[in-house]
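For reference, the structure is listed below as structure tokens.
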Amino acid sequence: MKNKLFKILLVMLGVVFVASCSKKMPEITEENKAYVADYLNDGFKNVDISKDGRLEKSDVEKIAANFNKPYNYNGKDVVNSIDTFFYGESFASPKDITLKNFVANFPSETLDPDKDKSKIDELKKQNPNAFKQTRADAKILKVDKNLVDAVLLKYANISSDDVKNKENVVYLKDDNCYYVMENDEEWAFEPAVCKINSKEIVLEDDIKSELKLEQKSGKFFIKSFELSPNACCE
């Protein structure tokens, strides 16, 4: 009897563990679902990665077609969801991204210095350093947290709560949004080479920046990104 109860307890603990480890896609609008898309897995459709080595140029071009192309969001061109990860910094894991720079790549609303003055004052009280202007026309952006989490879940299997570096980001619970200063520069990554090995997939651009991917349950996720030292000179 004791053994039976012990087995039941183990099964129950296993169910709880699996439930706690699985992440649920947050609620987002149909328009935002279209924005999130699935550029990684779509890029590898009909591409044979069963053998180690470098992919043919034609296959790399299929994958690269999903990178560094504008997305029309509400009539405005923005970077697509996979390109939000490229903002001029390396990261050893998606949890090591700089959330501020990542969030600033998303479709956003811009706060008006006059109309939204009370909101801006409230944000600055929470974190004065987050909204120091690096230039006179720098804008404060409002970004839906659910959209950020949906992209992170789709491409990295984490949420923004898992990200370690949350400096210079203000989150307001009442509207479930992040507020950040816009990025000063635009960055991009477009694969020119794809190397396959048994442990990971490595995409390289023409200046030797490296995006490493891993497969889990048949899906591709971002593992790390190493920005080339040559990027500063481009």
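Bear in mind these aren't lab numbers, they're just calculated from the coordinates by the rules spelled out. These figures come from a predicted structure and were not determined experimentally. Note: ideal-geometry Cβ built from the backbone for every residue, glycine included; neighbour counts use all protein chains shown.
Label sites at N127 and E185, each approximated as a point 7 angstrom past Cα along Cα to Cβ, lie 2.2 nm apart. Bridges between two residues of the chain, per DSSP, are antiparallel at a rate of about 95%. In summary, the helical segments of the chain meeting the span-like criteria, namely a full DSSP H run, a Cα extent along the axis of 24 angstrom or more and a mean Kyte-Doolittle hydropathy of at least 1.0, are 2-21. Straight-line reach from K119: taking Cα to Cα under 19 Å and skipping same-chain neighbours fewer than 8 places apart, the aspartates and glutamates in range are E109, D137, D144, D174, D175, E182.
A Förster radius of 25 Å combined with the Cβ-Cβ distance from N197 to S217 puts the calculated FRET efficiency at roughly 0.85. Here K216 is the anchor, and the aspartates and glutamates within straight C-alpha reach of less than 17 Å, apart from those fewer than 8 places off in the same chain, are D38, D42, D48, E200. Dimensions of the chain along the principal axes, based on C-alpha atoms and rounded to the nearest Å, stand at 66, 58, 33, largest first.
Calculated on C-alpha atoms, the gyration radius of region 50-111 divided by its Kirkwood radius gives an Rg/Rh of 1.08.
Packing-based ranking of 145-157, 88-100, 107-119 yields 145-157, 88-100, 107-119, ordered from highest to lowest mean Cβ neighbour count within 10 Å. Within the listed set D48, D38, D59, the Gaussian network model of the chain (springs between alpha-carbon atoms below 10 Å) gives the highest mean-square fluctuation for D48. Of S160, S58, S224, which is the most mobile in a GNM of the chain whose springs link Cα atoms less than 10 angstrom apart? Taking springs between Cα atoms under 10 Å, the residue moving most is S58. Hey, what did region 96-179 get for relative contact order, percent, Cα under 8 Å, at least 6 apart? Averaging sequence separation for qualifying contacts and normalising by length gives 43 percent for region 96-179. Here D77 and N41 are evaluated by their C-beta separation; at R0 = 30 Å the FRET efficiency comes out at 0.80.
Scalar couplings 3J(HN,Hα) for region 175-185, obtained by applying the Karplus form with A = 6.51, B = -1.76, C = 1.60 to θ = phi - 60°, are 10, 6, 10, 9, 10, 9, 7, 5, 6, 6, 10 Hz; x denotes Gly and Pro.
Per the Kirkwood formula on distinct C-alpha pairs, the Rh of region 28-156 is how many angstrom? Show your work: numbers first, answer last.
Details: mean 1/r = 0.0587 Å⁻¹.
After inverting the pairwise mean of 1/r, the radius is 17.0 Å.
Each 10 Å bin, from zero up to the one with the longest distance, holds this percent of the alpha carbon pairs of region 81-186: 15, 51, 29, 5, 0.
Go through 196-205, 174-183 and give me the packing order, highest mean Cβ count within 10 Å leading. Let's see the in-between values first.
Values: 196-205: 16.1, 174-183: 18.0.
Ranking, from highest mean packing down: 174-183, 196-205.
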